[in-house]
Amino acid sequence: MLQVARWRIILVAVVTAMGIAFAFPNFVPERLRNSIPDFLPSQGINLGLDLRGGSQLLLEVDIVSLRAQQLDNVADQMAGALRDADPQIRFTGRGVVGDTARIRLIDPTQMERARTALRAIAVSPTGGTDPIYAYTESADGLIEARINEQHMRALSRQAAQQSIEIIRRRIDPTGTSEVSIVRQGDQRIVVQAPGVSDPEQLKERIGQTALMTFHLVREVSPEEAAGGILPPGTMVVGPYGTIGQGSEVVERRARLTGENLVRASVNTDPQTSEFVMSFQLDRQGALTFCRITREYTNQRFAILLDNQVLTAPRINEPICGGQGQISGNFTAQSASELALMLNAGALPAPLTVIDERTVDASLGQDSIESGARASAVAGLVTFVFMILAYGVFGIFACLALIVNFTLIIGAMSMIGAALTLPGIAGLILTIAMAVDANVLIYERMREEAATGRSPALSIDAGFNRAMITIFDANLTTILAAMILFQFGAGPVRGFAWTLSIGVITSVFTAVLVTQILVAWWFRIARPKTMPI
Amino acid sequence: MASSWWPLIRLLPKKTNLTYVKFAGFAAFVSIALCVASLVSIFTGGLRENPIEVYQQAEGSPVARFGAIMEHGFNLGIDFRGGTSMLIEAPNPIDQEALRALGNSAQEGDVEVQGTTCRPANAPPYCAILNFETSPDQSATVEEIRRGLPTVAEGARITSVDAVSAKVSEELFSGGLMALGLAMLLMMIYIWFRFEWQFGVGAMLGLLHDVILTLGIFSFFRIEFTLTIIAAILTIIGYGINDTVVVFDRLRENLRKYKKMPLGQLIDLSLNETLSRTIITGCTAVFALIGLLFLGGEALSGFAIAMLFGIICGTYSSLYVAAPVILLWGVRRGREGGEARAAPQPAR
């Protein structure tokens, strides 16, 4: 009777200790957090933008232009496929009309062969079973292609994913600021920049066009370049971010643009085991590149992104296969970063800002303060009320509540979920609701005692009988929180986090912590009647 | 325990004999009347608009037109209405007309200007809110206002900007309503699964009652309806079901315990047995929320009002709506009691 299993005590002790360890950094001033020993967590709660101040942008991939681009591409692919057929299938009238890419066979009797050739380019690159383009044929030789909606969604998702890397590079080239950029759904990107109170600059940098171009380098002495003495038709370009190595004087005219690049990847040179960059050009690009490299062997050419030098390697030999290698001062990281940029130099599709929120840091600070004040008052009121109502058992409930609060703070810090203003409201509500489990247990004890049972029996029965109710009642709250997650935008999601964490910890503390406290008290006090 | 009055819980009678079921008819009348009033308020924008006119003026499909009525029913915040809202603070009084003129020069749509209290307390003393429709080149508009601001009020600055496009606001609005519907459905299924279908229907009606009344209050008093309010209503649903489950749980237990007692009497008994818990939990929640209402600042006051009202509603509805509804259909009793699986009788 009233024995608490040892494993329960150990569980409570371990969980509480962990809660304290994870919650602790929040009560240490920012500057002292570094002095917390390494084996202890030192991460505080992640404050949402509405509390710390900053800007949030919701960007959407412009599906209309993405589709237009893609249709253009499809028309090209169709032309290529017909041209490559053996013997060649002659066509005319290649173009894009509405949401179809179309091409017209000069000889409609070759439709059968055209169908075979076109089927090959409609095979899903990701191994899907459905063709990515749907063709419609007319008797006069007109073939229309529509992009499968599912493929379009995949493309849009891909575009959003690529845009994330590009945006990060543009607004956070050094990787030091706390900007968070994540994809949301198939075509959206959320950019959160804490501490930025004017998002204009942010938007400008996101919107800038990253154009990749290949230029020939003119070797001009640095003195002359600095003095502004430049050969005609050239310009000075600075290094790109941290990857570029220095300024160069290059021809104004671009010999090749990023449109011709198919893919860039990182390899290691088998002889020197240095990191090198491999790239693959399309057919047109390969021809141009072959001509340039033959003509300008032993000169250097520069790869520019937004008119800043990424790299300026020397041409060692003519490159005609459309494939090339850039060797240089690469580390694994800088090479893969470069590859990333080359692969995703320009935004794959225009992005539009569809939702923008900015909160001044002072406003956020005010929200934190009023939230903290309200929580403190709510906590205090609950304490006083519970102690007044239940006496010594009320004190147990309060202790359980303190453990509960610590666990919530600890769990929030551990998970790194953002605490938002509605989240604080959720916290306050959780404090109030957490005592519900205690109340259910205590009321049950009172009822049992009223039927004439001994205190020990009443207490035991109170815990056991109330369990089912507590379980049922709290599971429904978890269900509500789950829906909030599904539906929730930023701040509401913060609320869902505190609510669901709060429900779990409150059941844990109200049941286990209170049980242990009551058992200890019982052993010491040996009461003849129930105190409540 | 020394004194006789402490702990206070002793003052609560251990056994009460309130008769709820006797008043169920009256309560049902009141509840239905209040729900109807709330719905009327929602459909007429708090008795301010004629829904038929709104319907006729709206464009698009009947569903979209119906949606327009709903949108007119509430004082929708920027989240759901779409548009741009800027909070401006200045050390000197702000000339609202000049600010309106600035807004008008920056873009074409209607401009709404209103004075407001500043946060935090030590901020410059004069604040104003500038609202207008989100224009396509939204950043340019905001930038223009930012540039023009010094001419309107010296030293003024923008402390917050919310710009929501029509697309996003529509999604948020429909998403919010969907979340509410889904939440109620899930709760009903859960209760059905754990209890009996009559309990599920009772819980559902209780929730519907709470939600409609809360929405009615928001519609009638034109309290700003934001994303946070949706969160509050979902929490009210959670709390309401929590209350209802506690009552139902006891009812199920008593159904097994007293096989011969008439259902009405059984419901009364169960409600009485859980009364002290209802009072205490309700009181703590209400006290905490009152603290939030007065100390949580303006940003959370809407949330606190919604929660406060919803919790009172939820407590009432689990006593007078959810439980009596079960009376309407009765419950299958007998061999297996209220539960499908054969549970052992509690040792008595």
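What follows is calculated from the coordinates using simple rules that are stated; it is not laboratory data. Computed from a prediction, not measured in an experiment: that's the story for all the values here. We place every Cβ from the backbone using ideal geometry, glycine too, and count neighbours over all the protein chains shown.
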- Percent antiparallel among DSSP beta bridges confined to the stretch A:212-328, nearest 5, equals 95
- Query: Cα centroid distance between the stretch B:297-333 and the stretch B:24-84, in Å?
  - Reply: 21
- Per chain B: cysteines with no other Cys C-beta under 4.7 angstrom? B:C35, B:C283, B:C313
- Message: Based only on other Cβ atoms within 10 Å, what is the fewest-to-most ordering of B:Y20, A:Y133?
- Response: B:Y20, A:Y133
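What relative contact order, as a whole-number percentage, does chain A give when Cα pairs under 8 Å and 6 or more residues apart are counted? Before the final figure, lay out the partial values.
On the way: 882 pairs, mean separation 99.1, N = 532.
Relative contact order here is 19 percent.
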- With R₀ set to 30 angstrom, the calculated FRET efficiency between the beta-carbons of B:L185 and A:E30, to the nearest 0.05, is 0.10
- Task: Would you tell me the mean number of C-beta atoms belonging to other protein chains that fall within 10 Å of each C-beta in B:178-188, as a whole number?
- Result: 4
- Note on the structure: Taking N as the residue count of the stretch A:212-328, its alpha carbon Rg divided by 2.2 N^0.38 Å gives 1.06
- Counting only backbone N atoms under 18 Å from a point 7 Å out along Cα-to-Cβ of A:Q3, the residues of the stretch A:490-532 in range are A:515-524
- Item | Cα-based helix-to-principal-axis angle, A:149-171 vs chain A, degrees rounded to 10 | 80
- Query: Using the alpha-carbon atoms, what tilt in degrees (0 to 90, nearest 10) does helix A:63-84 show relative to the longest principal axis of chain A?
  - Reply: 40
- Query: Normalised by the number of residues in the stretch A:212-328, what is the relative contact order in percent for Cα pairs under 8 Å and 6+ residues apart?
  - Reply: 31
- Task: Could you give the spread of the C-alpha atoms of the protein assembly as shown along their three principal axes, from largest to smallest, in whole angstroms?
- Result: 105, 71, 66
- The helix B:24-43 Cα axis meets the longest alpha-carbon principal axis of chain B at an angle in degrees, between 0 and 90 and rounded to 10, of 20
- Mean Cα-pair separation over length for chain B, i.e. relative contact order, pairs under 8 Å, 6 or more apart, %: 22
- Query: Considering only chain A, what is the antiparallel percent among its DSSP beta bridges, to the nearest 5?
  - Reply: 95
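Tell me whether the stretch B:1-89 comes out rounded, prolate or oblate; compute the Cα gyration tensor, take square roots of the eigenvalues as a ≥ b ≥ c, and use a/c under 1.5 as the rounded threshold.
Working: a/c = 5.01, a/b = 1.93, b/c = 2.59.
Because a/c hits 1.5 or more and a/b fails to exceed b/c, the stretch B:1-89 counts as oblate.
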- Mind checking A:417-428 for the average number of partner chain beta-carbons within 10 Å of each residue's beta-carbon? 4
- Between B:I129 and A:E200, take the C-beta separation as r, use R0 = 25 Å, and let me know the FRET efficiency to the nearest 0.05. 0.80
- Given labels modelled 7 Å from the Cα in the Cβ direction, how far is it in nm from B:R333 to A:R157? 5.5
- Distance between Cα centroids, the stretch A:1-64 to the stretch A:497-511: provide it in whole Å. 15
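Can you give the calculated 222 nm mean residue ellipticity of chain B, where each DSSP H run of n ≥ 4 adds -39,500 (n - 2.57) and the sum is split over every residue, rounded to the nearest 500 deg cm²/dmol?
On the way: 13 runs with 212 residues, N = 348.
Mean residue ellipticity, 222 nm, calculated: -20500 deg cm²/dmol.
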- Return the percentage of antiparallel bridges among DSSP beta bridges fully within chain B, rounded to the nearest 5 %. 90
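Within 10 Å of each Cβ in A:312-323, how many Cβ atoms from other chains are there, averaged over the peptide?
Values: counts 0, 0, 0, 0, 0, 0, 0, 0, 0, 0, 0, 0.
Taking all residues of A:312-323 together, the mean is 0.
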